[in-house]
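The values are calculated or read from the model by the stated rules, or taken from the named source; none is laboratory data. What you see is a predicted model; the values in this text were computed from it and never measured. All Cβ positions, glycine included, derive from the backbone under ideal geometry; neighbour counts span all protein chains shown.
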């Protein structure tokens, strides 16, 4: 392991484990004047790219009938926390085709199967 990798390892945050297709709530810190508050951006993770410290992910939501996308660096101090509200099962690494969809089909991703430990 070289020096750059060691420095990057120290900077990595412990974040929630999520994949493309999951519904997320991203809590970001916003500084306005002298005050700091949390702002929540809830949507569907449509892409993840990069590795290590350079990892980023794209979250898409529909707001007032318009599609809104934000790209967040994974290990930024501006993101307070990432909540996974729903797991999704997809067969693609990037869900860019959802940009062309309108209405409910733009938000729907097949829910991931949960494993029950109950005996049937």
Being at pLDDT 95 or above, in contact with a strand residue (DSSP E or B) (Cβ under 7 Å, 6 or more places away or on another chain) and either within 28 Å of residue 4 (Cβ to Cβ) or assigned to a strand (DSSP E or B) (or both) is the requirement here; does residue 82 meet it? no
Here the residues within the stretch 106-119 that are modelled with pLDDT of 75 or more and outside any loop (DSSP other than H, G, I, E, B) are 111
Go through (1) touching a helix residue (DSSP H, G or I) at 6+ places or on another chain (Cβ under 8 Å); (2) in a loop (DSSP other than H, G, I, E, B) one by one and return the number of the condition residue 46 breaks. (2)
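Suppose we filter 43, 88, 21, 67 for residues that are at pLDDT below 90, surrounded by 14 or more Cβ atoms within 10 Å (Cβ to Cβ) and under 23 Å from residue 113 (Cβ atoms); which single one remains? Let's see the steps before the verdict.
Numbers: 43 fails: at pLDDT below 90; 21 fails: at pLDDT below 90; 67 fails: under 23 Å from residue 113 (Cβ atoms).
Result of the check over 43, 88, 21, 67: 88.
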